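Beneath this line is the structure, given in C-alpha cells, with notes to follow.
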Ligand SMILES: Nc1ncnc2c1ncn2[C@@H]1O[C@H](COP(=O)(O)OP(=O)(O)OP(=O)(O)O)[C@@H](O)[C@H]1O
Ligand SMILES: [Mg+2]
C-alpha cells in the first residue's frame, strides 16, 4: 500500500486559464523534486494539463490535489482533479479516442490515461467528477489500470 | 439634501461636516505639503492646495450623509479619479500599496489637531465623538484610496498581459518568402488567436511561401496546443503558404504520440535551422560555405 503523507498534500484551485498554467508549473516542480526523468515529467505535466482543462471546461471549475507518495523506496506523485459539475454519463464512451462533446480532439481522457501509471475515474451524473492519476518515479512494470 | 434624511444623521457627523467646511482652507494648506500631494502636484503648490480642497469637500459631503464607514458613499465619487491618479503616481515611483495607505493615514493628525482646537474642553463628549468620527472617516478615505490603487493595478496587469501577447509573438522575416514565429510559453486560446492573425497578415505583406512555427519555447504540448498548431497550419495553407513546425523536443515527441495526436499531416523538422534549410531548398536557393581561397 502506498504511504500517503497528508502533510505533503496541497490543493491548487482550477478556476481560470491562468490557473491551468499554475497547475502545470506545480506538477512540473513536484515531479522534478522527486527526480522524475524529463520524459516522465513531460508526460505527467501533459496529462495534468488535459485533466485540469476538463475540470475547468466541463466540470465548471474545481481543484487539483497533489500528493507525494512513498512506495517501498520508490517515489510517486498522485494527482486528483475534482469538480462538482455535471459528471459523465457514459465513462466508456468518454474514454474513447476522438469522442468529444465540445470542440476538442477528444483525446484528453484517453490520452492522459496512456501517459500515467495508474488512472481512476470516479463520476456520477449530477455529482461531479474526480480523476486520479499516479506516476511512479522509476519505470515500474506497468501497473494495473483500472477504470471504474 | 432632504430634511428627513438630514435628521437621521447623527449630530456628531453633522458637527464634523460643519468643521470640514469651515476649516477647508487650513486643512488644505496643511495637506498640501505632505508627500502624497506635494510629489504629485509638482507644478505649483496652488494646484496641490486645490486638490486637497476637493478631498476635504468630498469628506464633508460624506460626513453630511452620515455614511462615515461606507466606501461606496456618493461623496467619494468626485475624488475617486483624483485619488486614483495620485496613488498611481506614488506606486510608479515604487511605493507599495501599504506605503500609500500609510501616507493617507498620515493626513489625519493635522486635521485632528485642528478639530481638537475647536473644543475648549478636549475631554468633552462632543470632542471625543468628533475625533472618533474623524478617525472613522479618514479610515474610509484610506480604503477608498487603496481600492482605486488596486483596481489601477488590475488594469495595468490586464493591459500588460495583452501587450505581452503581442510582444511575445513576433513574426520574423527570415528570408525572402520565408517567415518564422518563435512561440514561447503557454499557447492558450487567446494567444494562439493572436499568433494566427499576425501570421496570416504577414503571409500577405511578406508574400511568404513558407512559414516556420518554432515551438522550442513551448514547454507543454497537449491536445489543445496541438489543435491550435494544426488549425494554424491549415489556415496558412489556405493562404498559399507551406508550414513547417520545428523545435519539437524528444520528450514532447514521445508524449504527443502517446497522447494519440496525429501530426502526420504536419511537416516537422527538428530545429529552426533544419526548417529554414528545408524552405530554402524548396525555393531552389542554394546556401553553401564559400570555398576558402587560400
Ligand atoms: N470533468 C468532466 N466533467 C464532465 N464531463 C467531462 C469531464 N471530463 C471530460 N468530460 C466529457 O468527456 C469528453 C471527453 O473528454 P476528453 O478530455 O477526452 O476530450 P475533450 O476535452 O472533448 O477534447 P480534448 O481534451 O482532446 O481537447 C468531453 O467532451 C466531456 O463531454
Ligand atoms: Mg479534454
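The requirement of being within 22 Å of residue A:23 (Cα to Cα), within 13 Å of ligand 2 (Cβ to nearest atom), within 11 Å of the chain's Cα centre (by Cα) and away from chain B (no Cβ under 11 Å) is satisfied by residue A:55.
The residues of the stretch A:92-121 that are part of a helix (DSSP H, G or I), near ligand 1 (Cβ under 8 Å from one of its atoms) and touching a residue at least 24 places away in the same chain (Cβ under 8 Å), listed by number, are A:108, A:109, A:111, A:112. Confirm whether residue A:107 is within 14 Å of chain B (Cβ to nearest Cβ), within 16 Å of ligand 2 (Cβ to nearest atom) and either modelled with pLDDT under 95 or more than 18 Å from residue A:23 (Cα to Cα) (or both). Taking the combined requirement at face value, the residue satisfies it.
Looking only at residues that are at pLDDT below 90 and touching a strand residue (DSSP E or B) at 6+ places or on another chain (Cβ under 7 Å) in the stretch B:184-216, which one is nearest to the other protein chains (Cβ to nearest Cβ)? In this case the residue turns out to be B:185.
I'd like to check which helices (runs of 4 or more DSSP H) are fully inside the stretch B:34-96 and have at least 1 residues that are at pLDDT below 85.
Numbers: elements: B:35-38, B:45-65, B:77-92.
Here the list reads B:35-38, B:77-92.
Reported count of residues in the stretch A:49-74, each being within 8 Å of ligand 1 (Cβ to nearest atom), touching a strand residue (DSSP E or B) at 6+ places or on another chain (Cβ under 6 Å) and not in a helix (DSSP H, G or I), is 2.
The values are calculated or read from the model by the stated rules, or taken from the named source; none is laboratory data. A quick note: this is a predicted structure, and the numbers were derived from the prediction, not measured. Don't worry about glycine lacking a Cβ; one is built from the backbone with ideal geometry, like all the others, and counts go over all protein chains shown.
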